[in-house]
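Structure, as structure tokens:
Values in this text are rule-based calculations from the coordinates and carry no lab data. For clarity, every value in this text was computed on a predicted model and none was experimentally measured. Because the Cβ atoms are built from the backbone with ideal geometry, glycine has one as well, and the counts that use them run over all protein chains shown.
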Amino acid sequence: MAKRDSNSSTLVYSTDGGRLCPQCQRPVAACVCGRARPAVTGDGIVRLHRETGGRGGKAVTIIRGLPLAAPELKLLAKALKQKCGVGGAVKNDTVEIQGDQRQLLARELEARGYRTKIAGG
């Protein structure tokens with residue numbers, strides 16, 4: 001077994017900077033490589049879910065799988081809310097639109113070039 005030079009050291013583990021980006025090895029908060037990319041691209045199918053849980057029985061359409069970065073996702077959400085004439089929000093990587101708007105949103109997203117699938121009940 002070869003001896004190591006005592007002057008050279010390699011960092012094995014450190015809690016100094018928190019989690020590191022696997023590509024640029026910078027702290028995740030200071031990472032510059034992933035800002036222009038979407039967080040998750042998935043399988044390329046945009047799924048439209050209807051959820052009522054935790055909302056007093058009112059339906060909300062959840063859009064998952066949009067391969068967009070945060071600024072473009074907000075712009076698309078704004079356009080979809082205007083198309084439906086309702087409110088909504090962008091949370092994490094999903095878009096929430098008030099009401100059961102799955103059919104209208106599926107037509108609009110397909111017109112914009114996305115493959116859609118109505119999922120859930």
Estimated FRET transfer efficiency when R0 is 25 angstrom, pair R115-L75 (beta carbons, to 0.05): 0.80
I need the phi-derived Karplus couplings for the stretch 57-66: 6.51 cos²θ - 1.76 cosθ + 1.60, θ = phi - 60°, integer Hz, Gly and Pro marked x. x, 7, 7, 9, 8, 9, 10, 10, x, 6
In whole Hz, what ³J(HN,Hα) sequence does the stretch 76-85 give by Karplus (6.51, -1.76, 1.60; θ = phi - 60°), x for Gly and Pro? 5, 4, 4, 5, 5, 5, 5, 4, 7, x
Translational diffusion coefficient, Stokes-Einstein: compute it for the stretch 38-118 using the Kirkwood radius over C-alpha pairs as Rh, at 20 °C and 1.002 mPa s, and state it as an integer in µm² s⁻¹. 171
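Enumerate by residue number the trypsin sites (Lys or Arg not before Pro) in the stretch 40-121 meeting two conditions: DSSP loop (anything except H, G, I, E, B), and at most 13 other Cβ atoms within 10 Å of the site's Cβ.
Numbers: sites: R47, R50, R55, K58, R64, K74, K78, K81, K83, K91, R102, R107, R112, R115, K117; in loops: R55, K58, R112.
Answer in residue order: R55, K58, R112.
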